Amino acid sequence: MTATDSPTAPAGTPGSAPTGGTGAHTMADRIALLREKQEAAHASGGPEGLRRHRESGRLPVRERIDMLVDPDTWFEIGALALPELRREKPIPGDAVVTGFGLLDGRRIGVIGIDSSVVAGTTAPISMRKQGRLIEHAQRHGFPLVLLCDADGGRMPDVSGWRFSGLPLDFTTFLKPPPGRPVVPRAAAVLGPSYGDSALHASTAHYVVMVRSGSIALSGPSVVEPAIGEKVTDEELGGPAAATEAGNAHLVVDTEADAMDAIAAFLSYMPQNSTQRPPVAPPLPPGRDPKDLEEIVPLGARSGYDMRDVFACLADEASILPWADGWGSSLLCALARIEGRPVGLVGNQPIVRAGALDPAALEKEKVFVQLCDTFGLPLVFLHDVPGLMIGTQAERGGILHGYEALVSAIAEATVPKVGVVLRKAYGGGHFAMGGRPTKPDFLYAWPSAELGFMAPETGIRTIHRRRLEKVLAEQGPEAHAALVAELTAEWISEAEPWEAAAHLSLDDVIEPGRTREVVAASIDIALGGRL
């Protein structure tokens with residue numbers, strides 16, 4: 001007689017029938033119960049919650065994940081999670097979906113907030129679930145994708161003593177543990193993203209948001225009672241506010257566009273900071289490099305769009321803008337040159353003549369650190385009149401921003417190649433990878449001007465008393481003639497020939513050879529690194 005046949009078999013003995021709980025007596029019953037629970041876990045906010053969610057213009061979280069990962073590669077963990085404080089209405093998965101998938105054949109980890117139920121709010125179990133996924137990505141060294149759409153903390157789950165005891169480890173939640181490689185983080189802001197969704201986005205190396213999204217530390221429902229400011233989601237953290245603050249790097253129209261942007265960003269990145277960036281087959285440039293002779297005018301005050309220069313250097317269809325709306329007198333972009341991922345940094349002459357303000361310095365520092373962390377060579381295209389000066393710039397922290405940036409460039413270990421296109425004056429030149437920041441190669445076009453400051457400022461600073469005396473004693477005509485003479489002398493000193501003669505420059509090159517020279521310089525600087 002077996003234990004299952006014995007009327008005296010003790011409860012809990014292998015093979016014995018359960019004495020309570022689910023009432024499932026066979027393995028088939030248990031499997032049926034599992035499938036029932038799995039179905040409930042996938043229900044999200046139920047028919048009504050999903051209907052409201054769709055009507056708001058947003059997709060359910062699992063549809064988002066299906067759009068992101070390669071077909072039939074999704075592997076979910078934690079689906080049966082439930083909140084510590086149970087409610088009459090179920091909260092499947094504690095309002096978050098976590099798991100792994102392949103993106104273009106490479107492993108990624110995904111955290112997707114399920115805002116169709118309890119507005120995607122955060123509670124201890126959902127936070128522990130997210131932490132587990134982050135721990136896996138960091139321990140095993142693959143990128144992390146964060147799909148943000150949450151209305152902050154859930155009450156009363158995080159109120160009172162519970163808030164202090166949240167399972168939030170800042171040594172792992174925000175960054176890798178000491179000694180671990182850094183993994184790329186990409187975030188999509190797909191709806192109102194407050195609380196830990198905003199925190200997730202703040203840790204991401206790349207943040208894309210849809211136009212209907214918003215991101216802020218706290219949402220309008222908290223802001224108004226706390227400080228009396230009545231504000232909309234868009235006013236608080238919509239695309240205009242988010243890009244200006246540097247909280248978002250790209251704004252797109254649809255959620256599908258957001259997933260494409262994340263895929264594009266990760267295509268430039270290695271799986272983690274110990275690996276090399278993936279090299280693609282080389283393609284011709286997006287625009288004929290010879291066009292550079294016409295794109296960049298000789299007059300230092302004439303404007304042009306640095307994006308056109310980028311197009312002449314980068315492989316066709318390879319440029320991914322990075323934070324164009326933040327510190328907009330400077331452009332940063334991920335791109336490929338001869339198939340190799342690079343970071344492009346260039347002054348934007350059509351915005352304040354390309355002068356660098358505190359926001360532009362901070363933007364460049366973060367981008368330099370991103371490229372240095374993940375092994376992307378840096379290409380600096382100088383056309384900078386200098387740093388912004390005056391009370392507004394000083395109060396904005398330009399001195400500290402400048403120091404932090406030049407230190408970051410000097411300390412970067414990836415190949416660094418600079419080209420002075422037109423003007424490169426003062427601290428702006430150093431902030432663009434000038435010689436004191438140790439570039440591997442530094443070139444200039446024949447149109448380049450280098451020096452401590454621009455001619456019109458320099459002669460009025462150094463020769464102020466002489467000019468005042470000539471104006472007073474000889475009149476405006478003599479004053480204008482002296483200004484012209486001093487300007488010509490200044491420009492002669494600023495031209496690239498003496499800099500090349502004294503090896504402050506490695507060479508003076510024709511504009512049309514810039515892509516070719518940069519590509520060769522990167523190959524040399526990489527040495528045996530692939």
- When the convex hull of its Cα atoms is projected in every direction, mean area for the stretch 37-268 (nm²): 12.6
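Tell me, in nm to one decimal, what length is gained between LYS438 and LYS469 on full extension, where the rule is 0.36 nm per residue of separation less the Cα-Cα distance?
Working: separation 31, 0.36 × 31 = 11.16 nm, distance 4.27 nm.
That works out to 6.9 nm of additional length.
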- Note on the structure: For Rg/Rh (Cα atoms, Kirkwood Rh), with candidates [x] 1.11; [y] 0.99; [z] 0.96, the value calculated from the shown model is option [x]
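Contact order normalised by length for the chain, with contacts defined as Cα pairs under 8 Å and 6 or more residues apart; what percent is it?
Working: 1058 pairs, mean separation 41.9, N = 530.
For the chain, the relative contact order is 8 percent.
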- Task: Return the distance in nm (one decimal) between the two label points of a simple spin-label model at ASP253 and ILE491, each offset 7 Å from Cα along Cα→Cβ.
- Result: 4.6
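Could you give the length gained by full extension between ALA245 and ALA484, i.e. 0.36 nm per residue of separation minus their alpha carbon distance, to one decimal place?
Values: separation 239, 0.36 × 239 = 86.04 nm, distance 4.23 nm.
Taking ALA245 through ALA484 to full extension adds about 81.8 nm, to one decimal.
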- Cα centroids of the stretch 378-419 and the stretch 217-290: how far apart, whole angstrom? 23
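Just rank SER56, SER214, fewest to most, by other beta-carbon atoms within 10 angstrom. Numbers along the way, then the final one.
Working: SER56 13, SER214 26.
So the residues, fewest neighbours to most, are SER56, SER214.
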- Counting only backbone N atoms under 13 Å from a point 7 Å out along Cα-to-Cβ of HIS140, the residues of the stretch 69-90 in range are 74-78
- When we measure straight from the Cα of LYS89, which aspartates and glutamates land under 16 angstrom away, once same-chain ones fewer than 8 places off are left out? GLU39, GLU48, ASP114, ASP157
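Percent relative contact order of the stretch 37-268, based on C-alpha pairs within less than 8 angstrom and at least six residues apart?
On the way: 476 pairs, mean separation 35.9, N = 232.
Computed over the stretch 37-268, the figure is 15 percent.
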- Note on the structure: Amide H proximity to HIS382 below 5 Å, modelled H, separation 5+ or other chain, gives VAL419, VAL420, LEU421
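For the stretch 86-188, calculate the relative contact order in percent as a whole number, restricting contacts to Cα pairs under 8 Å that are 6 or more residues apart. Intermediate values should be presented prior to the final figure.
Numbers: 166 pairs, mean separation 29.1, N = 103.
Once normalised by length, the contact order is 28 percent.
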- Taking the Cβ of GLU36 as the centre, find all other residues whose Cβ is under 14 Å away and add up their charges (Lys, Arg: +1; Asp, Glu: -1). +1
- Message: If the reach is capped at under 24 angstrom between alpha carbons, list the lysines near LYS416, excluding any in the same chain fewer than eight residues apart.
- Response: LYS290, LYS363, LYS365, LYS438
- Which of the lysines could a cross-linker span from LYS129 if the Cα-Cα distance has to be under 20 Å and same-chain partners fewer than 8 positions apart are dropped? LYS37, LYS175
- Suppose R0 equals 22 Å; then what is the FRET efficiency for ARG54 and ASP260 from their Cβ-Cβ distance, rounded to the nearest 0.05? 0.55
- C-alpha long axis of helix 398-411 to longest principal axis of the chain, angle in °: 80
- Query: Across the chain, where is the longest run that never hits trypsin sites (Lys or Arg not before Pro) in a DSSP loop with at most 16 other C-beta atoms within 10 Å?
  - Reply: 302-528
- Looking at the stretch 239-322, which GluC sites (Glu not before Pro) are DSSP coil and have at most 13 other C-beta atoms within 10 Å of their C-beta? GLU316
- Given the rule -39500 (n - 2.57) for each run of at least 4 DSSP H residues, summed and divided by the residues of the chain, what is its mean residue ellipticity at 222 nm, to the nearest 500 deg cm²/dmol? -11500 deg cm²/dmol
- Query: By how many degrees, between 0 and 90 and to the nearest 10, does the Cα long axis of helix 476-494 differ from the longest principal axis of the chain?
  - Reply: 60
- Item | Rounded to 10°, Cα long-axis angle of helix 124-140 versus longest principal axis of the chain | 60
- Estimated FRET transfer efficiency when R0 is 22 angstrom, pair ARG162-LEU80 (beta carbons, to 0.05): 0.50
- Taking chymotrypsin sites (Phe, Trp or Tyr not before Pro) as candidate sites, keep only those in a DSSP loop with at most 15 other Cβ atoms within 10 Å, then name the longest stretch of the chain containing none of them. 171-451
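No lab work stands behind these numbers, since they all come straight from the coordinates. Everything numeric in this text was worked out from a predicted model, so none of it was measured. Ideal geometry is used to build each Cβ from the backbone, glycine not excepted, and the neighbour counts take in all protein chains shown.
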